[in-house]
Amino acid sequence: EYKAVARIQSIMDIKSMKFINLILGAFTENDQSASGSILSHVKKGDLVIRDLGYFSTLLFTKLIAAEVYFLSRLQYGTSLYDKQGNPLSLKKILRGGKLKDAWVLVGAKHTFSVRLVMIPLSEKQASERRRRARLDRDKRMNHSKTYYKWLGYSAHITTVDKAVWTAKDVVKAYRVRWQIEIIFKSWKTCFHLQEMIQEGGQNEHRVKVSIYLMLLFICLFMKEFMQDISMR
């Protein structure tokens, strides 16, 4: 049995499958605290795909100001408004179980315009998400009737226009983010990162050096691997 002691934050260029940045931090540092690190690595016209853990309305306003496009899952409970600034009822939005695709205003404190895309999931997918929610013992979660209806949708926000992406394209584009999830999973499974730190090892500098050396090895391995694939 292993206990998590560190968290690796990464920024990857999906087109080239190259890591732009790797940050080693404490496991107690949540993903949202690292959400702003992307700003120093993007330029006008780039597209940033964000996991829900990095959801930050303040960051999104900064990306918009920098003319950087983004795609993210929508966090449940986020304030929504129509173009005139009138509050939108999530309960009403969820009625009918149909696809929703419209430009709205998001965020109570940092309000900005985004395209809201909500696609109904299959009954099997929705039932599985609701089953897991019923087993969740976290008292902070809002398991109201509206929340269970929410689980029947794949909800995203983006600044990419309909002329570029259809609603289905939005979902397909977001799936690209799973490439990094697959990579992290392969690290744990194939490289056994959890086994490289000896039990009882408490010297912070040695632990950090060990992890960075392993990450360096992985990057070199991936470079050779990607070159080998491109040559086939």
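By the gyration tensor of its Cα atoms, with a ≥ b ≥ c the square roots of the eigenvalues, what is the shape of the range 144-188: rounded for a/c under 1.5, prolate for a/b over b/c, or oblate? The shape class here is oblate.
Sequence-distant contacts, meaning Cα pairs under 8 Å at least 6 residues apart, place the relative contact order of the range 33-135 at 20 percent. Classify the range 86-148 as rounded, prolate or oblate from the Cα gyration tensor: take a ≥ b ≥ c as the square roots of its eigenvalues, call it rounded if a/c is under 1.5, otherwise prolate when a/b beats b/c and oblate if not. Since a/c reaches 1.5 but b/c is at least a/b, the shape of the range 86-148 is classed as oblate.
With a cut-off of 11 Å between beta carbons, the residues surrounding residue 116 carry a summed charge of 0, where Lys and Arg count +1 and Asp and Glu -1.
Which sequence of 103, 178 reflects their accessible areas, 1.4 Å probe, from the largest down?
On the way: 103 75, 178 135 Å².
So the residues, ranked largest to smallest area, are 178, 103.
On a full-extension model of 0.36 nm per residue, what is the gain between residue 172 and residue 124, subtracting their alpha-carbon distance, rounded to one decimal in nm? Can you show the working numbers first?
Details: separation 48, 0.36 × 48 = 17.28 nm, distance 1.92 nm.
Length difference between fully extended and current span is 15.4 nm.
Per-residue Karplus couplings for the range 125-131, computed as 6.51 cos²θ - 1.76 cosθ + 1.60 with θ equal to phi - 60°, are listed in order as 5, 5, 5, 5, 5, 6, 4 Hz, Gly and Pro entered as x.
Ranked by the mean number of other Cβ atoms within 10 Å per residue, highest first, peptides 118-124, 49-55 order as 49-55, 118-124. Could you list, in their original order, any pairs among 43/185; 100/162; 62/172; 18/43; 43/188; 145/168 whose Cα atoms are separated by more than 22 Å? Listed pairs above 22 Å: 43/185; 62/172; 43/188; 145/168.
Other residues within the sphere of radius under 15 Å centred on the Cβ of residue 163, judged by their own Cβ, net out at 0 (K and R +1, D and E -1). Protection proxy ranking of 87-95, 59-67, by the mean of other Cβ atoms within 10 Å over each peptide's residues and highest first, is 59-67, 87-95. For the range 146-176 versus the range 36-109, the spacing of their alpha-carbon centroids is 11 Å.
The values are calculated or read from the model by the stated rules, or taken from the named source; none is laboratory data. These numbers come from a predicted model, not from an experiment. With ideal geometry, Cβ positions are generated from the backbone for all residues, glycine too; neighbour counts draw on all protein chains shown. Keep in mind that these areas ignore ligands, DNA and RNA; they rest on the heavy atoms of the full protein, side chains included. Shrake-Rupley method; radii C 1.70, N 1.55, O 1.52, S 1.80 Å.
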